[in-house]
Amino acid sequence: MVLIRLTIKHLIFDRIFLVLTSLVLLFASVPVFSYFSMRQLQEISITMSLTLNSFILLLMTLFGGTLVIWRDIERKYTFTVLSYPITRTSYYLSKFFALVLVLFFISIVNFAVSAIVIKITASFYKSSLPIVWFNIFLAFVMEFLKYSLLLGFIFLFASFSTSFFTPVFSSIAVFIAGNASQGIYDYIMKGSSELSHLTKLAAKIVYYILPNFSSFDLVAYATYALPLHYKSIEFTSIYFFLYLGIVLSLGVAVFNKRDFS
Amino acid sequence: MEAIKVDNLKKTFKLKLKQVKALDGMTFNVNRGEIFGFLGPNGAGKSTTIKIITDLVRADSGSAYINGIPSTNHKARADIGFMPENPQYYDTLTGLDMLLFSASMFGYKDAKTQAYKLLEEFGLEDSAKVPLRKYSKGMIQRIGFAAALIHKPDILILDEPMSGLDPIGRMIFKKKMKELNRQGVTIFFSSHIIPDIEDICSRVVIVKDGKVVKDFNEVEIKYLTTSGFEIVVKNASGTGLDMGEKEISKNLYRIDCDKGNLINTLELLKDKRIEIIDIEPIKKDLEDVFIEILNG
């Protein structure tokens, strides 16, 4: 708990993190941009709010994740912290969950601000669709889970890397691949019969190794008030916990082997 | 049981394509109540050994123990205070916060009184609420030492604690180390600054190329750093004494003799019934001894 508190405090006072937090102010621009859509103000404001939330969480995850572990190693803070009677596992997990808590708090703030922004924007032009707050809330929760999983990857890459760039760029690559994997998989499996069996098998393996971030995407359900498939959400939640467990276990195993010289 | 036991540690680092042997069978014990000096030139393996003891680096083979607990077990660090070389701390913390954080990591609550006491002892009371990023290097060393002491450890491990300190800071550190040792704290102290080691250590181990080359206790340190003796005698004139004596004041003479020749000189003085006023050892620096040993 002491380390979690310290990490949060250290982040709050970090200039880069403060700049990223101030991006919350961009929510004020959502009604203005929504107005350009003429008749779909409500739908656009919901989509934009979720996209902006996603953008803020992405930046927070990338920079926060890298700042926490990589900077501790680079600035040799680990020499002090790991010489205390704590295990490396508890250090690693404390740092991770401190950032998850920060992401959770920012998600709540973003949701609260979005709710105000959506309400205001929706009042400008009456939409034929209702605002289903539960769908919007769940979309925010899923985004939070998605970036927590991405954070697990950043921690994994930072556990063995000595440079700032490896965790950042590897995680961006994972993020892009994770968002595209479902589409590419569907295309290969259904769309093309010219591809060999081996290619399809390779695609299947890569598809199962890479995280599937598109399953966390509930933007369409939130925007168009579509009925939710609870089985699918349940499956995604289990997938999240299993995948995160594997990624964190790998990260902890690598971090436990590492030399701090 | 030894406070620290290091047994045949071996460690090789990969540096780009080269393999660098940092430790090559490092073996020694630190006994309870000692101020143990760990002396060696740069690259001898001092910091790597300390990092293995504090589990920051894992040995290729061999083992290290603190109070009989393997150093890879986090519980081994429960009774140690550690100050790394050129310490770096979370710079958003204030000096006081740093001490309280350190105390809480050892499960030591209500450390505020102890923290203020240490801040005062190390001359940092005015900077207690200043963030560490505004501290000078010397102040960081002091807060690092205070943080290593906040939980009242049994064993102190200090890696080059006095590098970059001003003379007052060095004096404070040495005084504190001696005081802690009198209270029963075992101190493991690595340095390449020989006068510091000579001044406070009760045992010195010299390392070179990743292994121990000499292990001296306090008596041996005294013997090795004594090159001869200065004997002050009275009424030597007219006795036919021919030992290169020099008159230092009226009727007082000084005779210098090698340390292997002391008994013969004293017997000769006794035969001639010359009154001995004082005998003082002539000291040479541990630095000279250190260089002699390193040069084989």
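The values are calculated or read from the model by the stated rules, or taken from the named source; none is laboratory data. Just so it is clear, the model here is predicted, and its values are computed rather than measured. Reconstructed Cβ throughout: ideal geometry from the backbone, glycine too, with neighbour counts over all protein chains shown.
Quick notes on this one:
- Test set (1) under 16 Å from the mean Cα position of the chain (by Cα); (2) within 30 Å of B:Lys14 (Cβ to Cβ); (3) of a type in the set (D, E, K, R) - A:Asp259 fails condition number: (1)
- Selection from the stretch B:249-296 of residues that are farther than 30 Å from B:Ile194 by Cβ and in contact (Cβ under 8 Å) with a residue 40 or more places away in the chain: B:Ile274, B:Glu275, B:Ile276, B:Ile277
- Among residues of the stretch A:18-36 that are within 15 Å of A:Val117 (Cα to Cα), those with a beta-carbon under 6 Å from a residue that is among the hydroxyl-bearing types (Ser, Thr, Tyr) at least six positions away or on a different chain give the pairs A:Val30/A:Ser45; A:Val30/A:Ser49; A:Pro31/A:Thr121; A:Ser34/A:Ser45; A:Ser34/A:Thr121.
- One residue from B:Leu149, B:Leu165 being buried (at least 18 other Cβ atoms within 10 Å of the Cβ) and at pLDDT below 90: B:Leu165
- Residue in the stretch A:237-260 that is in contact (Cβ under 8 Å) with a residue 60 or more places away in the chain, outside any helix (DSSP H, G or I) and under 30 Å from A:Thr80 (Cβ atoms) present: yes
- Within the stretch B:15-63, the set of residues being under 25 Å from B:Met1 (Cβ atoms) and touching a His at 6+ places or on another chain (Cβ under 9 Å) comprises B:Leu39, B:Lys46, B:Asp55.
- Residue-level check: of (1) surrounded by fewer than 22 Cβ atoms within 10 Å (Cβ to Cβ); (2) in contact with a helix residue (DSSP H, G or I) (Cβ under 6 Å, 6 or more places away or on another chain); (3) over 28 Å from A:Leu228 (Cα atoms), A:Ser90 misses just (2).
- For the stretch B:29-44, a tally of residues being modelled with pLDDT of 90 or more, out of contact with any helix residue (DSSP H, G or I) (no Cβ under 6 Å at 6 or more places or on another chain) and either of a type in the set (Val, Ile, Thr) or assigned to a loop (DSSP other than H, G, I, E, B) (or both) returns 5.
- Flag if B:Arg254 is under 26 Å from B:Asn42 (Cα atoms), surrounded by 13 or more Cβ atoms within 10 Å (Cβ to Cβ) and among the basic types (Lys, Arg): no
- Scoring B:Thr49 on the criteria (1) within 17 Å of the chain's Cα centre (by Cα); (2) at the interface with another protein chain (Cβ under 10 Å from one of its Cβ atoms); (3) surrounded by 17 or more Cβ atoms within 10 Å (Cβ to Cβ) leaves a single failure, condition (2).
- Considering the stretch A:1-92, the qualifying helices (runs of 4 or more DSSP H), each wholly inside and each with 1 or more residues that are under 30 Å from B:Ala76 (Cα atoms), charged (D, E, K, R) and within 14 Å of chain B (Cβ to nearest Cβ), run over A:2-12, A:65-74.
- Considering the stretch B:68-96, the residues that are outside any strand (DSSP E or B) and of a type in the set (Val, Ile, Thr) include one that is nearest to the other protein chains (Cβ to nearest Cβ), namely B:Thr92.
- Checked against (1) surrounded by 22 or more Cβ atoms within 10 Å (Cβ to Cβ); (2) under 23 Å from A:Arg258 (Cβ atoms), B:Phe13 passes all but condition (1).
- Residue in the stretch A:120-143 that is assigned to a helix (DSSP H, G or I), farther than 25 Å from A:Tyr239 by Cβ and among the polar types (S, T, N, Q) present: yes
- Lone unmet requirement of (1) under 30 Å from B:Gly40 (Cβ atoms); (2) at pLDDT 85 or above; (3) exposed (fewer than 15 other Cβ atoms within 10 Å of the Cβ) for B:Gly228: (3)
- Residues of the stretch B:1-31 classified as at positive phi and within 14 Å of chain A (Cβ to nearest Cβ), total: 1
- B:Tyr65 farther than 24 Å from B:Ile143 by Cα, aromatic (Phe, Trp, Tyr) and more than 8 Å from chain A (Cβ to nearest Cβ): yes
- Pairs where the first residue, in the stretch B:97-126, is within 9 Å of B:His151 (Cα to Cα) and the second is aromatic (Phe, Trp, Tyr), C-beta under 7 Å, 6+ apart: B:Phe106/A:Tyr84
- Selection status of B:Arg170, among the charged types (D, E, K, R) and modelled with pLDDT of 90 or more: no
- Tally of residues being of a type in the set (D, E, K, R) and free of Cβ contacts under 8 Å to residues at least 24 places away in the same chain across the stretch A:37-75: 3
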